[in-house]
Amino acid sequence: MTSARFPSQTGADPAGPRGAATPYRMTVTTALPHAEAVALADEHLASWLKQEGCEEPPPARRADTGRAATAPRPTEPPPTEPPGAEPPVAERLRLGDRVLLDRDQGPLRGGRGAGRYDRRRLRTPAPHGTRQLTLTVATAAGGPTWVRLEAETHSTGSGVRTPCRVPVPDLAYSLLPLLDAADGPAAVHLAPQVITAAGVDGLIDELCDPERRLPTVVASVPAHQELDRWVEQVVRPLCLQLPGLATAYVLDADARLGFNVALEYHSVYGGAVRTYLPEVDPASRQDGARHPVLVRGRIEQDVRRAAGLLAREPRRLAAELPLPPALAAVPVLRVPPPSAPAARTGPAAASGPADVADVAEVAVLAREERQDRAEQQARADELERVRRTLRQERREHRERTGRREGHEGRLRSAARALTGRHCTVPGGPAGRPAAPPSGRPADRSGKPATFTELMARLAEFPLLTFTGDQKAALALDGLQCTGAGWARLAWDGLTALQEYAEAAVRGSAGGDFKQWCEHTPAGCHHFPPRKAVRGESRTVFSHTKWKRERMLPVPESVDASRRAFMGAHLRIGGGRTAPRLHYLDDCSGSGRIYVGYIGLHLTNTRTN
């Protein structure tokens, strides 16, 4: 099915390597009920076939009742299947010369009440091969309705040069606006949507939402360029290959300012376009490198070529993303035997026995079905390989957890042997370590090399109170060889916090701790300002579970609930483990700083 927007595959895209073109795959949810989504798809598919001069297919029939699928009962329960039952054989219709439509429907795999699916597969002739369009609508019991549209080409041989990618099919353009399609929290539109200052927070929440599967493309407008003109002449042509593969937005001038202030490591400006992959971490500078930027100069040099570059990452992600459970439970398509001729529609249905064309068609179908079975077997083998890998990873994770817990026990025993007692830092929320007689930290020329030693020496910081659980900090010693560096960096942070607290109590700090790090007085210990973070992102703060993790213990005198949100933190490590030190600055109240957590990075959009 060739889109009218791309009249021919060779005209739509430069020829690629010899072999199959990169397929198009769209996976979205719809707000429509299952039956309405299927009826809408059948209607538009029939309309397109009629425009192409093909026979219009008759209404699909329900296998269990014989009723048309376009007229289901409103309260009809999902179909069921007996255990071990084979999926139904698809109905095959011949709608023209080498134009075949396969239709099947039935219950999802997984037992009684699992849900249902409807599928349509259309094959049409193409130069040196066949175009194939597959539309699947699947609804699991109690879940949303998923719609998956796949377009691909099958060439007659490996030596045929094909376009680099299959164009966006007409069915995607016609169905998306009517399906109320969505990707997690985001509506999937055909054209880019303009974002004003009032919509910036919603866009950031969408970028950081863990349920988002599709990439999000955000375009900026150059200075001194008119918004409407830039959108029509540049952004819309640039996004022509994105329908169903990504959501697209354009920031106006006010929105761009607020957006870039909130996402300092993920900014976009100057007419550039940025593709935000799922699981954005606004607080991570390293995460910014994951999200590619297409600069203005490359766009204006050749908009159509830039559109292909922009669509490359969404195409790759659409091909690699695992299917949602409802679509993964759709059984493999069972087609009629190659010896059985396809049912004809229209006047051709009364033409009698199969003619010579039918014999040639049977040979083509037999070859294509052999290819289908080989592809299905390859997919099944790949799925089994992934399952084996996951089982192995679970076993290794359990083994690592057991070894780490044993190591933590040995570390606690060693700490008790070194100090003759438990760590001097009390574990309760209201505890406070005793200050040394000097009122300042003891000699810190020798920094601790382990967190076990660091925890044992926390009493050297009289204005800091540790209120958290020591286990998370002690566990850092057994993770990597860089643990010593982490411990020394954490000690530097605690030293700077102590000196800041002394100045803050006297009223001479000149601001918060980050400002103290940016303008450290002479003679005081310097801590890198980029490693001092004032607070968590709005996404983390508004996420109930993630916020609860950062509600850490404090004395009752600070908060009657004995818990306070500690968004301010120090980065004491990098990489996937990313250790953090969370604290509450209460120098203006109790005259102390409460450290509620030292350990691995708490959950956010990247660690979830």
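Surface composition of the stretch 195-257: carbon and sulfur atoms hold 50% of the protein heavy-atom accessible area at a 1.4 Å probe.
Note on the stretch 488-608: along the principal axes its Cα atoms extend 41, 36, 23 Å, ordered by decreasing extent.
Amide H to amide H distances under 5 Å link CYS587 with ARG592, where only residues 5 or more positions off or on other chains count and H is placed in the peptide plane. The portion of the accessible surface of the stretch 476-581 made up by carbon and sulfur, rounded to a whole percent, is 51 (1.4 Å probe; DNA, RNA and ligands excluded).
Electrostatic tally near VAL250: other residues with Cβ closer than 13 Å to its Cβ, Lys and Arg +1, Asp and Glu -1, net -1.
In the full protein context, the stretch 231-287 carries 36 Å² of accessible surface per residue, based on a 1.4 Å probe and ignoring ligands, DNA and RNA. Listed by chain and number, the lysines whose C-alpha is less than 27 Å from the C-alpha of LYS547, apart from same-chain residues fewer than 8 away, are LYS471, LYS514, LYS531. Simple spin-label estimate for GLU52 and ALA182 gives 3.2 nm between the two label positions (7 Å along the Cα-to-Cβ direction from each Cα).
Stretch ASP559-CYS524 to full length: gain in nm at 0.36 nm per residue minus the Cα-Cα span?
Details: separation 35, 0.36 × 35 = 12.60 nm, distance 3.12 nm.
Working it through step by step, the gained length comes to 9.5 nm.
Here is the list for the stretch 449-537: trypsin sites (Lys or Arg not before Pro) lying in DSSP coil, each with at most 16 other C-beta atoms within 10 angstrom of its C-beta, are ARG534.
Rolling a 1.4 Å probe across the protein heavy atoms gives the stretch 183-223 an accessible surface of 34 Å² per residue.
When the GluC sites (Glu not before Pro) in the stretch 225-328 are filtered for DSSP coil states and for at most 12 other beta-carbon atoms within 10 Å of their beta-carbon, the remaining sites are GLU226, GLU264.
The values are calculated or read from the model by the stated rules, or taken from the named source; none is laboratory data. Remember, it's a predicted structure, so these values are computed and weren't measured experimentally. So basically every Cβ, Gly included, is an ideal-geometry build from the backbone, and we count neighbours across all protein chains shown. Surface accessibility is based on the protein's heavy atoms, side chains included, excluding ligands, DNA and RNA. Shrake-Rupley method; radii C 1.70, N 1.55, O 1.52, S 1.80 Å.
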